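I have placed the structure first, in the form of structure tokens, so that the comments after it can refer back to it.
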Amino acid sequence: LSDTTARMLQYWSEDGSIYRLYPTSVPISEELTRLGYTEVVEKRENPPWRPTPSMRRRNPEWPEFVPGGDPMNPLGVRALYLSWQYYRVHGTQDNRKIGRRSSNG
């Protein structure tokens, strides 16, 4: 469960025995905030990053691809891929963004 108001991600294990709370960043605007239900469809370590088409339109100077493990990769070292295209729950290389409106979606 992601709470965009409190800027927290809540995790419960399948059997309910483990609960964790993680501080997160949220999208930089309401237009980029997707609300509703989705599910994790894949987990990756050192995921590569490709800006979405809308990110490239807003930021044409961004690279088309950043490999996993690269210090410039905004996904950090782990990512959860969601059933919504282009949406990820991921780490960051820039801890200053946690708790702020800094995500692109």
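The values are calculated or read from the model by the stated rules, or taken from the named source; none is laboratory data. Everything numeric in this text was worked out from a predicted model, so none of it was measured. Every residue, glycine as well, gets a Cβ built from its backbone with ideal geometry; the counts of neighbours run over all protein chains shown. Accessible surface is based on the protein model in full, side chains and every heavy atom, while ligands, DNA and RNA are left aside. Shrake-Rupley method; radii C 1.70, N 1.55, O 1.52, S 1.80 Å.
Of note:
- Taking the range 15-40 as the range and being within 14 Å of the chain's Cα centre (by Cα) and under 18 Å from Ala79 (Cβ atoms) as the test, the residues that pass are Tyr22, Pro23, Thr24, Ser25, Val26, Pro27, Leu32, Arg34, Thr38, Glu39, Val40.
- Restricting the range 68-90 to residues that are in a loop (DSSP other than H, G, I, E, B), open to solvent by less than 30 Å² (accessible area, probe 1.4 Å) and not hydrophobic (A, V, I, L, M, F, W, C) leaves a set whose member that is modelled with the highest pLDDT is Asn73.
- Val26 meets the conditions (1) open to solvent by 100 Å² or more (accessible area, probe 1.4 Å); (2) in contact with a Lys or Arg (Cβ under 7 Å, 6 or more places away or on another chain); (3) of a type in the set (Val, Ile, Thr) in every case but one. The failed one is (1).
- Hits in the range 45-65 - residues which are in contact with a Leu (Cβ under 9 Å, 6 or more places away or on another chain) and closer than 22 Å to Val26 by Cβ: Pro47, Trp49, Ser54
- Search result, residues across the range 50-61 that are open to solvent by less than 70 Å² (accessible area, probe 1.4 Å) and either modelled with pLDDT of 95 or more or among the aliphatic types (A, V, I, L, M) (or both): Met55
- Any pair with Cβ under 6 angstrom, 6 or more apart, that starts in the range 18-29 at a residue that is charged (D, E, K, R) and ends at one that is open to solvent by 90 Å² or more (accessible area, probe 1.4 Å): Arg20/Tyr11
- Matching residues, the range 92-105, being surrounded by 15 or more Cβ atoms within 10 Å (Cβ to Cβ), in a loop (DSSP other than H, G, I, E, B) and not β-branched (Val, Ile, Thr): Asn104, Gly105
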